[in-house]
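*Asks:* Please find one structure pasted underneath; my questions will follow.
The values are calculated or read from the model by the stated rules, or taken from the named source; none is laboratory data. Given the structure is predicted, the values throughout are model-derived calculations rather than measurements. Note that we place each Cβ from the backbone using ideal geometry, even for glycine, and neighbour counts take in every protein chain shown. Ligands, DNA and RNA are excluded from the accessible area calculation, which covers all protein heavy atoms including side chains. Shrake-Rupley method; radii C 1.70, N 1.55, O 1.52, S 1.80 Å.
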Amino acid sequence: MRIVVLAGGIGGARFLRGLKAAAPEADVTVIGNTGDDIHLFGLKVCPDLDTVMYTLGGGINEEQGWGRADETFHVKEELNAYGVGPDWFGLGDRDFATHIVRTQMLEAGYPLSAVTEALCDRWKPGVRLIPMSDDRVETHVAVTLEDGERRAVHFQEYWVRLRASVPAEAIVPVGAEQSKPAPGVLEAIAGADVILFPPSNPVVSVGTILAVPGIREAIAEAGVPVVGLSPIVGDAPVRGMADKVLAAVGVEATAAAVAEHYGSGLLDGWLVDTVDAGTVERVEAAGIRCRAVPLMMTDLDATAAMAREALALAEEVREA
Ligand code: GDP
Ligand code: CA
């Protein structure tokens, strides 16, 4: 079975670990979000690609959900001693090596997709990880700062430095309109048996991937079941600040509203948590087959069970 997954960082990566356990024989292609990418200290950092790679490759900091295990921060401290920032972005010493290798390869002329493949040669994530695009796309957030100044900030600055403390007024995937899907993306979608949206952020993770021209259309036209899992449980994101970016696009932070936001033109099936069982009817009224099952990725077994439910719902859709 060929499965395509559109993934952000933590939510996507943890789900993928469950999917691999649930379907060890499956051929999984992950289309990764690169809208969070940022240049720091002259280096290209791809937080979501790295979270997927480290999580599946066994190098992740488990508690944090991002960054390397057994990390130290000497380089960051030395940079700070020189007064060189930003100091709000946590880059550890081990992590730095990844960004150095990536930047060196990009500067030598390799596209990001080839660089990602090379990095994965080391980590062996057990999936094919492709960035959504080789072109630069950067998610910016329009905000009004506390002093009344209106500004567009990089998504990382909004999320990490400002901790989403001011309302997001607009989310703009800068460069998306001119970007092209990376080599292999459209082919993977066209060749998929099932397409899954993990419980990743619907706006700044899955939404950004869908903003690359051609990807949304390819999914809608693939003619295979498309099933998603809600990142919103009990009217709040399980972790993070997805409610802030949902508000910016006019979508309430509920499992049903997120399903409606994707819409029946894209989604065939949607899983909500058992605490949201009351919304199943609303989702089905929108033309999306819906089931309520436990959706908390507390451990590998629970996550694998979620993946099995998603695949079962896909089969139901296929047979309907
Ligand atoms: P990010 O790029 O690191 O923010 O990661 P993603 O976009 O892939 O996933 C973020 C989303 O994962 C958040 O909106 C969370 O609500 C969701 N999430 C995290 N843990 C869980 C969980 O255990 N269950 C569900 N249903 N969603 C989760
Ligand atoms: Ca992210």
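*Asks:* Accessible area per residue for the chain in Å², computed with a 1.4 Å probe and the full protein assembly in place, what is it?
*Replies:* 42 Å²
*Asks:* Send over the semi-axes of region 1-125's equivalent ellipsoid, whole angstrom and largest first, taken as the square roots of 5 times the C-alpha gyration tensor eigenvalues.
*Replies:* 27, 17, 12
*Asks:* If you count, for each residue, the other Cβ atoms within 10 Å and average over each peptide, how do 137-149, 288-300 line up from highest to lowest?
*Replies:* Descending mean neighbour count gives 288-300, 137-149.
*Asks:* Beyond 18 Å, how much of the Cα-Cα pair distribution for region 34-103 remains, as a whole percent?
*Replies:* More than 18 Å apart: 35 percent of the Cα pairs in region 34-103.
*Asks:* Tell me, what is the percent relative contact order of the chain, built from C-alpha pairs under 8 Å that lie six or more residues apart?
*Replies:* The normalised contact order for the chain reaches 19 percent.
*Asks:* Moving on to the next point. At a temperature of 10 °C and a viscosity of 1.306 mPa s, determine how fast the chain diffuses translationally according to Stokes-Einstein, using the Kirkwood radius over alpha-carbon pairs as Rh; express D in µm²/s, rounded to the nearest whole number.
*Replies:* It comes out at roughly 80 µm²/s.
*Asks:* Shifting gears a bit: Please work out the Cα center distance from region 164-194 to region 211-261, rounded to the nearest Å.
*Replies:* Region 164-194 and region 211-261 have Cα centres separated by 13 Å.
*Asks:* Are there GluC sites (Glu not before Pro) in region 14-95 that DSSP puts in a loop and that have at most 10 other Cβ atoms within 10 Å, and which ones?
*Replies:* Glu25, Glu62, Glu63
*Asks:* Under the Karplus relation 6.51 cos²θ - 1.76 cosθ + 1.60, θ = phi - 60°, what is the ordered set of whole-Hz ³J(HN,Hα) values for region 138-153, x standing for Gly and Pro?
*Replies:* Whole-Hz 3J(HN,Hα) from phi for region 138-153: 10, 6, 10, 10, 7, 9, 10, 6, 4, 7, x, 6, 8, 8, 9, 10.
*Asks:* Near Lys244, which lysines are there with a Cα under 30 Å away, not counting those fewer than 8 places off in the same chain?
*Replies:* Counting by Cα, and skipping residues close in sequence, Lys244 has these lysines nearby: Lys44, Lys76, Lys180.
*Asks:* Using a 1.4 Å probe on the protein heavy atoms, what percent of the accessible area of the chain belongs to carbon and sulfur?
*Replies:* 51 percent
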